[in-house]
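Remarks on the structure that follows.
The values are calculated or read from the model by the stated rules, or taken from the named source; none is laboratory data. Small disclaimer: the values here were computed from a predicted structure and weren't measured. Don't worry about glycine lacking a Cβ; one is built from the backbone with ideal geometry, like all the others, and counts go over all protein chains shown. Just so you know, the surface numbers come from the protein's heavy atoms only, side chains and all, with ligands and any DNA or RNA stripped out. Shrake-Rupley method; radii C 1.70, N 1.55, O 1.52, S 1.80 Å.
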Amino acid sequence: MKSMTDHKTSGQSAFSDLFTERPSAGQIVLVVLILLIALCSQTAKAGSPYQLWYDRPAMTWTQALPVGNGTMGGMVYGTPAVERIQLNEETIWAGQPNQVCNPAAKENLPKVRQLIFEGKYKEAELLANEKVMPLGANQNCGMPYQPFGDLWIAMPGHASYTDYERLLDLDNARSVVRYTVDGVRYERETLAPLGSKVITIHLTASRPSMISFTASFNTPHSDVLTGGEGMEATLTGVTSKHENLKGKVRFQGRMTVQTKGGQSSQADGQLSVKAADEATLYVTVGTNVINYKDITGDEEAQSRQRLRDAVAKGYEQLKQQHEDLYHRYYDRVRIDLGKDLYAGMPTSKRIEQFAATEKNGMPDNHLVATYFQFGRYLLICSSQPDNINPANLQGIWNEKMLPSWDSKYTTNINLEMNYWPSEVCNLTEMNGPLFRLIREISETGRQTAKDMYGADGWVLHHNTDQWRITGPVDRSTSGLWSTGSGWLCRHLWEHYLYSGDKEFLREAYPIMLEAARFYTQTLVKHPRLGYLVICPGESPEHGGKGRKSPLDAGVTMDNQIVTELFTEVLQAAKVLGDSNPLLQTIREQLPQLPPMKVGSWGQLQEWLDDVDDPKDDHRHFSHLYGFYPSNQITASRTPELFEAAKVSLQHRGDVSTGWSMGWKVCSWARFFDGNHAYKLIQDQLTLTADTFLIFGTTKQHGGTYPNMFDAHPPFQIDGNFGCTAGIAEMLLQSHETTKEGLPILHLLPALPDVWKDGSISGLRARGGFEVSMNWSGNRLLSAVIKSMNGGTLTVRTATPLKQKGKKEGSYYLYNIKTRKGQTITLNAK
């Protein structure tokens, strides 16, 4: 009997050699024949249009497949003999409620500021490290998100198997493993049911009495207790000490099993099943975390309740509940970029050969559509409306006790990028935990504003964690950046723009106003240029080549964020009829902020001084914040800045870290250059080796891991979300406005040549519109737009429509009056 290492799917070996050079006509015919054979032979995989499919178990964590329900996350390896499912629970973090603030900060910030104004940047940096940053006061720099541990399912006699496959079914949010042992077909279906706090594993076989296994927990945490309670196995522990802060998050994992036929038992924290027809494992974790400042909960009672609630419903009811909730979100947006030409090829191989498929005239457009839906899947699974925490740097999936960057919330782009797809991709409810975090850090940030700056309002620097720290962390070269609060406020305003929900805006407005209050009190006059500036400031994580330190005054990104926040607060006040006295201060300060500038080589300046290096290819291009995600720079309103931003991005280059390439997809879409955006998607969908730590032979690079996780490297989920938003941005934009301030819905603004025919339905646009489109020959055929709130619908297209409109440059513009709930159909001439 063949082992898994010998197993190959039909057509795999033929595909491996087809894309090394441009094929002849005969080779193309051969490819088509092989595809037909593979498609016919893979009927088991053909039932789900969007899935990740593999013909062997996972060797590494970045080959395992993710499931999640916002509270629980699991990574399924799919090994027949000994299954491993790595487990996370959203509130398992090191440490305890705390805040970080160097008590000497307020006294020394003016000194740091003066050194910067004198051009003594390195001296300012050193003083800030000692007297402003938490390390100078022996404080921590934030706590890491930590795993619970692993579930192991050992099935005797299953080491030798055939006909293996594993898949992640995106259309139904389930992981499936299938294989054959001694003529018996086995299947494991793993769900993280939405609406519950458990993970279920359903095991079946093609013949009765063939399900036998043992299941147990283990964990990388120290000093844990394993035990049992009747038919429930448990593992109890507490999170670790980190940077001198004792861990006080207590957790308890708990599982049980239901079977049809056979025998089951529990002893010493291990479940055993013998000769069952089928079995379902229910797994959960409880903690003592109630919220960021309260850890007085009962982890044992919570784990017991979560498990027994699930068991009371049973597998079939949980599955139905899961599917109902999941489809309510996922089915809102459907995308079709063409037929699935490579259904018989493992997803990892498709990623590896993605660029070659276009060169050989058979582009794997279905892989791009899958990647888009995978991003939406990840957001649904890692950020449910009622979660305590939003999706972190790795969503909800992490196997390490000390993950890279602590897998917390980096707020100088990464957390924000996680939620870029939420509105446009019709998943607005997934913003719930992000809005909760913003509300909570607006509370903790008040103390930081007072203690560090002697200011009112609230502030957030470049990182936070479960405990909602808001002070600066790490070194001053990255941490002394105080506009995280302003950036997060744009998510509140964006939600209003998409939804038109005034009640939401009424709740969000005080948060925005108090963030603005902080800046009105901390902006200082630049002694040489006269502008009101943030000082100290920095262009995130980037000092520029040849510069002695990243610290500076009046950095372009800071100026853009404060300008945007002030503008949005004034607009929100107008909508709500507010007349707070602070608004007058904002009106007076707004025109004193530095304008964006074009530098000596045609670039958008990253700093007030013209010191940009044209050879600089740094992953961050923060001075383009005003272009994307903001809309301060547009082709129609600021053409000179638009061209300068393009020059800057051209000089940054394409290939970079995974998340940076996702940002570039969004940006090139905003430049209406679909082919360049698609080139970045190709760069993003480049297979990243994930076994180099084992074998030491291959260096990692930015791209995509075999399980479609984004590779910074290492894994960061923001790249997945950024590219998902970028694909949507290629198909629909609504950031530009008319003279009256109404959003312009630009249909197919950056359609690449390779997506000749296709359709998309359910994208959302600012102004409260839902948009569906189909196109052929790279030309819009029709669009169906639903007006959720009524009002004027303004549409821009490159294709003339049958409606009455006008020509503006190379585009056509149409204004249509709508009623609330009305559906408008637009057809091309």
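Considering only DSSP beta bridges with both partners in the chain, what is the antiparallel share in %, to the nearest 5?
So the antiparallel bridges amount to about 95 percent of the total.
Quick check: pseudo-label points 7 Å beyond the Cα along Cα→Cβ at Lys817 and Met59, how many nm apart are they?
Taking the two extended label points, one gets 6.7 nm.
Taking the C-alpha atoms of segment 369-459, how large are the radius of gyration and the largest Cα-Cα span, Dmax, in Å?
Radius of gyration, then largest Cα-Cα span, for segment 369-459: 15.0, 50 Å.
P(r) tail for segment 641-763, what percent of Cα pairs lie past 26 Å?
28 percent
Viscosity 1.002 mPa s, temperature 20 °C: give me the Stokes-Einstein translational D for segment 230-339 in µm²/s, with Rh taken as the Kirkwood radius over C-alpha pairs.
Stokes-Einstein gives a translational diffusion coefficient of 127 µm²/s.
Show me 168-175, 413-420, 584-591 ranked by packing, highest mean number of other Cβ atoms within 10 Å first.
413-420, 168-175, 584-591
Which one, Ser212, His366, Thr347, is farthest towards the positive end of the dipole of the chain when Lys and Arg carry +1 and Asp and Glu -1 on their Cβ?
Positive-end residue among those listed: His366.
Excluding residues fewer than 8 places away in the same chain, name every one of the lysines whose C-alpha is closer than 17 Å to that of Lys400.
Lys241, Lys408
If each residue of separation counts as 0.36 nm, what is the full-extension length gain between Asn789 and Asp451 once their alpha-carbon separation is subtracted?
Answer, rounded to one decimal: 117.3 nm.
What translational diffusion coefficient, to the nearest whole µm²/s, does segment 783-829 have by Stokes-Einstein, given a Kirkwood radius computed over alpha-carbon pairs, a temperature of 20 °C and 1.002 mPa s viscosity?
195 µm²/s
Sorted from largest to smallest, which semi-axis lengths in Å does the alpha carbon gyration tensor of segment 501-623 give for its equivalent ellipsoid, taking the root of 5 times each eigenvalue?
They are 31, 15, 12 Å, listed from largest to smallest.
Averaged per residue, what accessible area in Å² does segment 636-755 show with a 1.4 Å probe, protein chains only?
The answer is 30 Å² per residue.
Need one value: the accessible area of Ser656 in square angstrom, 1.4 angstrom probe, rounded to the nearest 10.
20 Å²
Rounded if a/c is under 1.5, else prolate if a/b beats b/c, else oblate: with a ≥ b ≥ c from the C-alpha gyration tensor eigenvalues square-rooted, which is segment 412-549?
It comes out prolate by the Cα gyration axes.
Show me, bin by bin at 5 Å from 0, the whole-percent P(r) of segment 546-586 based on Cα pairs.
Each 5 Å bin holds this share of Cα pairs: 5, 20, 21, 16, 12, 9, 7, 5, 3, 2.
What percent does the relative contact order of the chain come to when contacts are Cα pairs within less than 8 Å and at least six residues apart?
Relative contact order, the chain: 11 percent.
Got the relative contact order for segment 687-807 handy, in percent, Cα pairs under 8 Å and 6 or more residues apart?
Relative contact order comes out at 15 percent.
Just how far, in whole angstrom, is segment 337-394 from segment 157-179 if you go by their alpha carbon centroids?
First find each Cα centre; the distance between them is then 18 Å.
Quick one: compute a quarter of the convex hull surface over the Cα atoms of segment 99-213 and quote it in nm².
14.3 nm²
Please report, as a whole percent, how much of the solvent-accessible surface of the chain comes from carbon and sulfur atoms (probe radius 1.4 Å).
Percent of accessible area from carbon and sulfur atoms in the chain: 50.
What are the semi-axes of the equivalent ellipsoid of segment 689-829, taken as the square roots of 5 times the eigenvalues of the Cα gyration tensor, listed largest first and rounded to whole Å?
38, 16, 13
Given the convex hull of the Cα atoms of the chain, what is a quarter of its surface area in nm²?
34.8 nm²
Please say if segment 381-425 is rounded, prolate or oblate, where rounded means a/c under 1.5 for a ≥ b ≥ c the square roots of the C-alpha gyration tensor eigenvalues, and otherwise the choice is prolate for a/b larger than b/c and oblate otherwise?
oblate
Quick one: compute the contact order of segment 739-829, relative version, from alpha carbon pairs under 8 angstrom and 6+ residues apart, as a percent.
27 percent
Over segment 457-552, average the accessible area per residue using a 1.4 Å probe and give it in Å², no decimals.
Accessible surface, normalised per residue, equals 28 Å².
For the chain, what does the helix formula give at 222 nm: sum of -39500 (n - 2.57) over DSSP H segments with n ≥ 4, over the residue count, nearest 500 deg cm²/dmol?
Taking each H run of at least 4 residues, the total per residue is -10000 deg cm²/dmol.
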